[in-house]
1. Can you give the alpha-carbon Rg of region B:18-271 over 2.2 N^0.38 Å, where N counts its residues?
2. Solvent-accessible area per residue for region B:18-271 at a 1.4 Å probe radius, Å²?
3. So if I place +1 on the C-beta of Lys and Arg and -1 on the C-beta of Asp and Glu, and nothing else carries charge, what would the dipole magnitude of chain B be about its Cα centre? I want it in debye, nearest 20.
4. Give the relative contact order (percent, whole number) for chain A; include only Cα pairs under 8 Å separated by 6+ residues.
5. For region B:9-53, what is the charge dipole size about the Cα centre, in debye to the nearest 20, if Lys and Arg each add +1 at the Cβ and Asp and Glu each add -1 at the Cβ?
6. Dipole of chain A (Lys/Arg Cβ +1, Asp/Glu Cβ -1, origin at the Cα centre): which of A:Ile8, A:Leu116, A:Asn80 lies farthest to the positive side?
7. Pick from B:Leu25, B:Leu146, B:Leu85 the residue whose mean-square fluctuation is largest in a GNM of chain B, springs joining Cα atoms under 10 Å.
8. Is there a quick way to get the dipole size of the protein assembly as shown? I mean about its Cα centre, with the Cβ of Lys and Arg at +1 and of Asp and Glu at -1; what is the value in debye to the nearest 20?
Amino acid sequence: MQYSKEVINHFTAPHNQGVISNPDGVGMVGNPTCGDLMKIYIKVKKDAKRGEVISAIKFETLGCASAIATSSMITDLAKNKTIQEATKITRDDVAEALNGLPPIKIHCSNLASEALVAAIEDYKKKK
Amino acid sequence: MKNNKIYLDYAATTPVDAEVLKTMLPYFSEEFGNASSLHSFGRNSADAVFNARLNLAHFFKCTGEEIVFTSGATESNNLAIKGVLRAYNKNNKKLPADERKKPHIITTVFEHSCVLKTCQKLEKEKKIDLTYLPVYSDGVIKIADLEKAIRENTLLISIMYVNNEIGTVQPISQIGKLLAHINEQREEKIIFHTDATQAVAYFDTNVKRLGVDLLSMSAHKIYGPKGVGMLYVKKGTKITQIQDGGAQEFALRAGTLNSAGIVGLGKAIEVLEKNKKKETKKIKELRDYLINKILKEVSNVRLNGSRSKRSPNNINLSFSDVEGESLLLYLDAGNIAASTGSACSSGSLNPSHVLLALGLKPEQAHGSLRISLGKYTTKKELIIFIAKLKKVLEKLRKVSGEILKEYYSKKK
């Protein structure tokens, strides 16, 4: 099982890692049995032209290299996107942006898009 | 080690000892004869194999005819279990139908996969009844459980000597004594097999004292080459070959002998025998230093398996709030090689069956790290490792934050 260079880059130096203290939405997915838990925090700003835009996003993850790399990647992909655009980011988009994941990881450690959707749902509920 | 790399995965494999390599080299291109050939080329190979056999016989305190060379411990374990079953079935077929019995095998829940999968498959094919002995939080089986598990139709007991993941030692010689006693009363003797792959370098391997009929081992765990191993087969043990072909190895293992590999194994055993006591002591001291230091200086860590009934070279730890594959790859990026029981590293979806058998929670099994020492390990390497480990843990624990705690508090 080999990871792409992009996965290793995001894993060893994750982007947007940490906590947002007053988030507008939070999503947590995964479970300790599989070994991966992910939490995404978002801040949403209203933009006159574009509508609701994710202005800040951070993550916390307990998991393997691929779990950390996909978390990091989704924060890059979702930042400055509208919530409609962000909801459309799929597992495949994340895997593709990382130049692929080992087949076994596609399912077990690629939960980041679900964590993001959960955070957006949470934001909508709180609205 | 080269490039300042620190290798702490000796339970996975070891480098070939320089002396072993030197002894092997002529047997690739100069003395390349087939040990079964009658001409001088063949005789030279056969002589070299003979000498290696004697080295092993001396080490295991048996005769040369009781040493069967194989391709490694996986093959030895397959041969031990399937070969005993095949011999039993051959005999069983001769009996009247109402006297035929389905044989029973006893093993443990935390054997190496080559034993576990062999037994599971035979059970699935309805060729055997199977009992798994449980293992307790200390990583050791209980003899009372074994005694209770023995049935009238018990054919074979297969229990590993030292567990490959957590390094815990099973009471092999005590089991041997118990079986000798039980077998006295039985007409059909129970055969006792142990997978001693991880034990050979550090523990008593006198097969008479252990009371085993079959013992598996592999050369590459003791600074010999990969692709060669041995099955000790006590004289008189009812076993047949499982691989059809020539009559090599007393008709128990068909196939041209791997003469260079066997020469390597013979030399590796000789070198091991010479230094075993000294090295065991040195490695044990290093292990204790490492365990003490980590338990004292690292937070939220547990040692998996008994501290005392443990191989001198094994340290298996679980760290909370980190996942093993991440830990392993961060250490690897820092030039340190170790191993983990996390699912992710193994290419399967489940964490280590060994750690779960000890009663660990899945996240504890996912967060495990196995460090295994060897004869080239130095204290300096361990000091560097501990410093690196602390840094890596700090980094990964920052990434995971309080997520696990939160998960459980929400679940309540």
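1. On the way: Rg = 18.4 Å, N = 254, 2.2 N^0.38 = 18.0 Å.
Expressed relative to 2.2 N^0.38 Å, the Cα Rg reads 1.02.
2. Values: 11110 Å² over 254 residues.
That works out to 44 Å² for each residue.
3. Details: 63 positive and 43 negative charges, 175 e Å.
Charge dipole of chain B: 840 debye, to the nearest 20.
4. Details: 259 pairs, mean separation 40.9, N = 127.
Value for chain A: 32 percent.
5. Details: 3 positive and 6 negative charges, 41 e Å.
Charge dipole, region B:9-53, about its Cα centre: 200 debye, nearest 20.
6. Value computed over the given set: A:Asn80.
7. So, out of B:Leu25, B:Leu146, B:Leu85, the one fluctuating most is B:Leu25.
8. Details: 80 positive and 57 negative charges, 214 e Å.
The calculation lands at about 1020 debye.
The values are calculated or read from the model by the stated rules, or taken from the named source; none is laboratory data. As the structure is a computational prediction, the values presented were derived from the model and not from experiment. We place every Cβ from the backbone using ideal geometry, glycine too, and count neighbours over all the protein chains shown. The accessibility values were calculated without ligands, DNA or RNA, using every heavy atom of the protein model including side chains. Shrake-Rupley method; radii C 1.70, N 1.55, O 1.52, S 1.80 Å.
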